[in-house]
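Only one structure is covered here, and it is reproduced in the block below.
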Amino acid sequence: MTTERSYRTELTAGSLTIDRRDVEMLETIGTHGSIHAAADALGRSYARMQRRLDALENAIGPVTERRRGGSQGGGTDLTEAAFDLISQFERHRTDLEGIVNATESVLTGTVDSRDGELATVETAAGPVVAIVPEGAMQVEIGIRSDAVVLTDPAGVPDSDGTSLRNRLHGRVTQRRAGTSVVQVTLEVAEGVELETVVTRVSAERLGLEPGRHIVASFKATAARAVPASPGTQSQTGGDEERTDDA
C-alpha cells in the first residue's frame, strides 16, 4: 500500500475553527450581496448560515455589514475583516499545497557533532547540517525539493557570504519538464538521490541535462531530521552486528 501526504486548511480564532466552508460562505455573500441569496446558491439553511456568521463575528469581529435600501435595494456587504480572513486562508492553503506537492529526499546518517538544535550529520553524500531532535544519533534527514538551489560548480559563492550552509556535489540523472518548472534528480553519492525543482529558465541556463555535474545547496533549517527507523540502522553507521566465537 502506498501513502500520500494530505492536508486540510484551517485557521483558528480562540476556540473557533475556520474552514473552507466558512470562506466559501463569505465569498458567496460577497458575490451575491445578500445572505439569503448566498444561502440559496450554496443550498444551505439561512438560519444556520446566520448562526455561523454570528460565531465568526464573536470570534474575529464584524464580517458583514448591512446595506440599507435605496434605488438598488438593501443587501449585505463584506467588511475589511472578512476580506482579510479570506486572504489569510488562501495564503495558508497555498503554503500547505506547496508542501504537499513538493517531493522529499531522505538522507540517512549519524550525528557527528551538535550546536544547539543543529547537528552535523555524516551521510553517504557528505556532512549535512540539519535540525536534529535532542538525543537522536542515527537519523533520517528530509529535504524538500523546493528548498534546494542548484549552482554551476564554477560559480559556487563563498560559504561565508551565503546562508545556504549545505552543499552537495551531484550529477543529473533525470529531468522531468513541466509547463513552467523542471523536476531534476541528482545522484549525490552512489545510490543516493536528491530531488530538486527549478524554473525552466534556470534549467536551460544551467544546462540541466543527464550527466551534468552541479552543486545542490540548501539551508540547515530546511533539513529536518527524525530518528532513523530500525531498518535503516545498518545504513547510518549504527553498531555492526557482532558474533562471538563459541
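The values are calculated or read from the model by the stated rules, or taken from the named source; none is laboratory data. Note that this is a predicted model, so its numbers are computed, not measured. Reconstructed Cβ throughout: ideal geometry from the backbone, glycine too, with neighbour counts over all protein chains shown. Side chains included, ligands, DNA and RNA excluded: accessible areas come from the protein's heavy atoms. Shrake-Rupley method; radii C 1.70, N 1.55, O 1.52, S 1.80 Å.
Here are a few things to note about the model shown:
- Amide H to amide H distances under 5 Å link Val129 with Val121, where only residues 5 or more positions off or on other chains count and H is placed in the peptide plane.
- Among the GluC sites (Glu not before Pro) in region 179-212, those placed in a DSSP loop whose Cβ has at most 11 other Cβ atoms within 10 Å are Glu190.
- Area accessible to solvent at Ser105, 1.4 Å probe radius, in Å²: 10
- The GluC sites (Glu not before Pro) of region 92-153 meeting both criteria, a DSSP state outside H, G, I, E and B (loop) and at most 10 other C-beta atoms within 10 angstrom of the site's C-beta, are Glu134.
- Heavy-atom accessible surface of region 81-147, averaged per residue, reaches 49 Å², computed with a 1.4 Å probe.
- Region 208-227 and region 77-117 have Cα centres lying 19 Å from one another.
- Rolling a 1.4 Å probe over the protein chains gives His92 an accessible area of about 60 Å².
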